[in-house]
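Participant: Quick one: the structure is below, and I'll ask about it shortly.
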Amino acid sequence: RLENRIVYFWFFAVDEKYRNRGIGGKALEKLISMYPDCQLVLDMEPLKEGAGNYEERLMRTRFYERYGFSRTGRCMTYFGSTFEIMCTKAPFREGDFRKMYDEPIFKEWQPVFADVDDI
């Protein structure tokens, strides 16, 4: 919702065979430059110690932090999975983010929000 100055990346990934070549970073730089006045929001697996792929999650978190994303302390659960929210231009503007649900296209997608510490 650009009128709310929120850009949400529902899914951002680089095929495994192309990782560690700078492709993801270049793509993020391009997206960030396309929306300089917006808060960019993404979600990913929560950074929880004890997770089977904790090191992968930590690397992913550090990658996003290099490009200006911050952990928000918030998460959302949708379609049976819980994801931690990261954003640029902190703090996370959850109220503006939630306005997306007013759009008919998001009628079926109703995430439940919580603090990361509560999951």
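Participant: Toward the positive end of the charge dipole of the chain, about the Cα centre and with charges on Cβ (Lys, Arg +1; Asp, Glu -1), which of 14, 81, 46 goes farthest?
Facilitator: Going by the charge dipole, the pick is 14.
Participant: Per the 1.4 Å probe, what fraction of the accessible area of segment 56-119, in percent, lies on carbon and sulfur atoms?
Facilitator: Roughly 50 percent, rounded to a whole number.
Participant: Here's a follow-up. Accessible area per residue of segment 14-100 at 1.4 Å probe, in Å²?
Facilitator: Result: 58 Å² per residue.
Participant: What is the magnitude of the charge dipole of the chain about its Cα centre, with +1 placed on the Cβ of each Lys and Arg, -1 on the Cβ of each Asp and Glu, and no other charges, expressed in debye to the nearest 20?
Facilitator: 480 debye
Participant: How large, in percent, is the carbon and sulfur part of the accessible surface of segment 1-53 at a probe radius of 1.4 Å?
Facilitator: 50 percent
Participant: Taking only Cα atoms of the chain, what ratio of Rg to Rh do you get with Rh as the Kirkwood inverse-distance radius?
Facilitator: 0.95
Participant: Taking the Cα atoms of segment 50-102 alone, what are Rg (to one decimal) and Dmax (as a whole number) in Å?
Facilitator: Gyration radius and largest Cα-Cα distance of segment 50-102: 12.7, 37 Å.
Participant: Just to confirm the filter: which chymotrypsin sites (Phe, Trp or Tyr not before Pro) across segment 1-110 are DSSP coil and have at most 10 other Cβ within 10 angstrom of their Cβ?
Facilitator: 10, 11, 79
The values are calculated or read from the model by the stated rules, or taken from the named source; none is laboratory data. Since the structure is predicted, the reported quantities are computational estimates derived from the model, not experimental observations. Cβ atoms come from the backbone with ideal geometry, glycine included; neighbour counts cover every protein chain shown. Quick note on the areas: whole protein, heavy atoms, side chains included, nothing else; ligands and nucleic acids left out. Shrake-Rupley method; radii C 1.70, N 1.55, O 1.52, S 1.80 Å.
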